[in-house]
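Since the structure comes first, as structure tokens, the remarks are kept for the end.
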Amino acid sequence: KTLGNSGPTRKGLAYDDDVQPTGPPARNRRRGRPATIDRQSIISAALGVAADQGPGAVTMSAVAQRLGVALPALYYHVRNIDELLTLVAEVLLHEMDLPDPHLPWDRWLTAVSHELRHLLTEQPLLTRLPYLAVHPPFTADTLETALRVLTRAGFAPDYALVLFSQHVRIVVDLV
């Protein structure tokens, strides 16, 4: 439809209310080449750098180099090293085997401690996450399981979460 003089005006130009922009909305348009990396490949590259060169070698530059991309391409997907380490921690903690939730609460916490300690020693990159001891990025399922086990044992829900968090903090601090 063409511009007309019958509708409201904007910046001195008249337009019809029915005129619709053509083409896809701006937010759906992608410019440049298609992405050659995604978050999963970034996480794998970070774990690869850690395995080959040690957890201290994991930097944004090292991960970009391992992926064969320019540093700005990596920053398009991940804001900074803390976000990268958080993504790695989320994946690794998600893969952690939780013990049987029907165990008594103290045996369940002991088993979680052993699993977490094993994971931290196998993947020392996790220890570089600045807030891991204070706020580990466990999945909602893990937190719900901890809450269920501890409340079943008689702990109040808020105290149960504090107990679980403090327990994890002690394990992380000891590794």
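Remarks
- J(HN,Hα) series, segment 78-92, from Karplus relation 6.51 cos²θ - 1.76 cosθ + 1.60, nearest Hz, glycine and proline x: 9, 5, 6, 5, 5, 5, 4, 5, 5, 4, 4, 4, 4, 5, 5
- Rounded Å value of the spacing that divides the Cα centres of segment 111-140 and segment 39-94: 17
- Relative contact order, percent, segment 63-175 [alpha-carbon distance under 8 Å, six or more residues apart]: 29
- Three-way shape call for segment 28-175 based on the alpha-carbon gyration tensor, with the a/c threshold at 1.5: prolate
- Note that segment 27-175 presents 60 Å² accessible area per residue, ligands and nucleic acids not counted, probe 1.4 Å.
- Rounded percent of accessible protein surface that carbon and sulfur make up, segment 54-149, 1.4 Å probe: 53
- Phi to ³J(HN,Hα) by Karplus 6.51 cos²θ - 1.76 cosθ + 1.60 over segment 46-60, Hz, x for Gly, Pro: 4, 5, x, 4, 4, 5, 7, 10, x, x, x, 7, 6, 10, 4
The values are calculated or read from the model by the stated rules, or taken from the named source; none is laboratory data. This one's a predicted model, so the numbers in the text were calculated from it and none came from an experiment. These area figures cover heavy atoms from the full protein model, side chains too; ligands, DNA and RNA do not enter into them. Shrake-Rupley method; radii C 1.70, N 1.55, O 1.52, S 1.80 Å.
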